[in-house]
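Trainee: Input: one structure, supplied below.
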Amino acid sequence: MSEHECHSACQDAHEHAPEGSMRANRRDFIKGVIASGVAVTSSGYVMVGRPGDAQAQAAGTVERLVTLNVNGQDRRVDVLPQETLVQTLRYKLNLTGAKIGCDHSECGNCTVMVDDVAAYSCTMLTHRVRGKKITTVEGIAGPNGQLHKVQKAMIDEIAPQCGFCTPGQVVTAVALLKANPKPTVDEVRVAMSGNMCRCGAYDHYLKAVMRASREA
């Protein structure tokens, strides 16, 4: 059948089809599109992660209920194989200090400490940090609520502007001073360079870290 004949046949069938049938076909078509979209989205979500995660989960060999040491406390949490640490912290443990900014390890808003080393939590799988010590900005202050010297210095230097990047800036600065209590200005610049500030308050953050280092 030629293309013209096929088009004519389809048009004729459409014109002579009962109205109820047309509505049913349209409804079935929409249902099919929606079902296909859901299936694609779900399969894409399941397949994100390390090779073999989906097969391991299907075989029942993935330990989803894990223990994480966060801010000095052991927390039991249900973690998907492809779940990132920032997702677990924010949506499972209600620790919302770590922000999701770029979600690609570029802005530093999600910075936490893993064994006292600053790390981006948006691209780190939660299962990779089992057995490690995780510190978020909520765990920086003392047990009685006393502010850390970095936090006090940032207040004194009026470092935060909108405040969105501030938790990451604080955690990065604390990690720096743990490793290097008396850094030079250039060393602070390098250490803090992974934290983007949309307000451009870099000098304020720099001065705050230097002030905190003098109080060490």
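Trainee: Determine the per residue accessible area of segment 83-204 with all protein chains present and a 1.4 angstrom probe, expressed in square angstrom.
Mentor: Per residue, segment 83-204 has an accessible area of 49 Å².
Trainee: Given the peptides 133-146, 115-128, arrange them by the average over their residues of other C-beta atoms within 10 Å, most packed first.
Mentor: Packing order, densest peptide first, comes out as 115-128, 133-146.
Trainee: Where Lys and Arg each count +1 and Asp and Glu each count -1, what net charge lies around V188 among other residues with Cβ under 15 Å from its Cβ?
Mentor: Net local charge, V188 excluded: +2.
Trainee: Give, as a single signed number, the net charge of other residues whose beta carbon lies under 12 Å from the beta carbon of L95, with Lys and Arg counted +1 and Asp and Glu -1.
Mentor: So the environment of L95 carries a net charge of +3.
Trainee: Which whole-Hz ³J(HN,Hα) couplings does segment 100-117 yield from phi under the Karplus relation 6.51 cos²θ - 1.76 cosθ + 1.60, θ = phi - 60°, glycine and proline marked x?
Mentor: Computed from phi, the couplings for segment 100-117 are 9, x, 7, 6, 9, 6, 10, 9, x, 5, 9, 4, 10, 9, 10, 6, 6, 10 Hz.
Trainee: Next question, about the same structure. What's the extension gain from R76 to C199 if we count 0.36 nm per residue and subtract their Cα-Cα distance?
Mentor: Full extension of this stretch gives 40.6 nm more.
Trainee: Sorted by accessible area (1.4 Å probe), largest first, how do R198, R130, R76 line up?
Mentor: Correct descending sequence by accessible area is R198, R76, R130.
Trainee: For D116, what charge total do you get from the other residues with a beta carbon under 13 Å from its beta carbon, if Lys and Arg give +1 and Asp and Glu give -1?
Mentor: Once all neighbours under 13 Å are counted, the net charge is +2.
Trainee: Let me ask another. In the structure displayed, which of K149/K182; K99/K133; K152/K178; K92/K207 lie more than 24 Å apart, Cα to Cα?
Mentor: Long pairs (Cα-Cα over 24 Å): K92/K207.
Trainee: Ranking request for peptides 171-178, 150-157: highest mean number of other beta-carbon atoms within 10 Å first, then the rest in descending order.
Mentor: So the order, starting with the most tightly packed, is 171-178, 150-157.
The values are calculated or read from the model by the stated rules, or taken from the named source; none is laboratory data. Computed from a predicted structure; not experimentally measured. Virtual Cβ from ideal backbone geometry, glycine too; neighbours counted across all protein chains shown. All accessible areas refer to the heavy atoms of the entire protein, side chains included, with ligands and DNA or RNA removed. Shrake-Rupley method; radii C 1.70, N 1.55, O 1.52, S 1.80 Å.
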